[in-house]
1. Restricting to segment 100-125, give me the number of residues that are free of Cβ contacts under 8 Å to residues at least 60 places away in the same chain and buried (at least 16 other Cβ atoms within 10 Å of the Cβ).
2. Quick one: is Asp96 out of contact with any helix residue (DSSP H, G or I) (no Cβ under 7 Å at 6 or more places or on another chain) and assigned by TED's automatic domain parsing to the domain that holds Met120?
3. In segment 36-64, which residues are without any contact (Cβ under 8 Å) to a residue 12 or more places away in the chain, in a helix (DSSP H, G or I) and among the aliphatic types (A, V, I, L, M)?
4. Could you tell me whether Ile83 is within 21 Å of Gln117 (Cβ to Cβ) and among the β-branched types (Val, Ile, Thr)?
5. For the condition among the hydrophobic types (A, V, I, L, M, F, W, C), over 23 Å from Arg66 (Cα atoms) and at pLDDT 95 or above, what is the one hit in Cys98, Cys106?
6. Which residues, taken from segment 68-86, are assigned to a loop (DSSP other than H, G, I, E, B) and touching a Leu at 6+ places or on another chain (Cβ under 9 Å)?
7. Could you give me the residue pairs with C-beta distances under 8 Å whose first residue belongs to segment 133-149 and is part of a strand (DSSP E or B), whose second residue is basic (Lys, Arg) wherever it lies, and which are 6+ apart or on separate chains?
Amino acid sequence: MNKLELLQTILSSMQQSLEVAHRATQRAIESATDEETVPEHKYDTLALEASYLAHGQAMRVQDGERNLSVMGQLKLPQQSERITLGSLVCLIDLEDKCRWFFVAPCAGGLKVQHKQQEVMLVTFDSPLGVAMKGKVMGDEIEYQVATTTFNYEVDTII
């Protein structure tokens, strides 16, 4: 898998999400400032609720813009023996199923389809990211979320 092409797929997905967030923000602002949301009495909170929604959507746009900028500046490492920022990693679970992860500085949890393969972004702030950091091919990874323990083996590092 080509990491540069994957990065372009990730950036495209993030850009699409940002455009959706922009449209949602605009709709929320329009709703908050619409004449029909003017309070009719002291218990009418429609305008207040709409303004909270507009604020939340605006914060979502700011986060999306920041994440897109950070991801766009990511320097991809050349072939590395250890899992580092920018590594593309295949982990094998106990059922011998391969799962691809891209170690990113932000947007952890984002899933993209690239060349008929699902790739999930993971950051070093997540339990899986902490467990992956610095591992080499053949290493075992174990991490826990709540009461569930996950086990993988590092199969490929690109």
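The values are calculated or read from the model by the stated rules, or taken from the named source; none is laboratory data. As the structure is a prediction and not an experimental result, all values here were calculated from the model. Cβ coordinates were reconstructed from backbone atoms using ideal geometry, including for glycine residues, and neighbour counts include every protein chain displayed.
1. Here is the first cut: in segment 100-125, the residues free of Cβ contacts under 8 Å to residues at least 60 places away in the same chain are 101, 103, 105-106, 108-109, 111, 116, 118, 120, 122-125.
From what's left, buried (at least 16 other Cβ atoms within 10 Å of the Cβ): 101, 103, 105-106, 108, 122-124.
Number of matching residues: 8.
2. On the way: out of contact with any helix residue (DSSP H, G or I) (no Cβ under 7 Å at 6 or more places or on another chain): yes; assigned by TED's automatic domain parsing to the domain that holds Met120: yes.
Spelling it out, Asp96 is indeed out of contact with any helix residue (DSSP H, G or I) (no Cβ under 7 Å at 6 or more places or on another chain) and assigned by TED's automatic domain parsing to the domain that holds Met120.
3. Leu46, Leu48, Met59
4. Working: within 21 Å of Gln117 (Cβ to Cβ): yes; among the β-branched types (Val, Ile, Thr): yes.
Criteria met by Ile83.
5. On the way: Cys106 fails: over 23 Å from Arg66 (Cα atoms).
After ruling out the rest, the residue left standing is Cys98.
6. Looking only at segment 68-86, we keep the residues that are assigned to a loop (DSSP other than H, G, I, E, B), and these are 73-81, 83-86.
Listed by number, the residues that qualify are Leu74, Lys75, Leu76, Pro77, Leu85, Gly86.
7. Val136/Arg82; Ile141/Lys135
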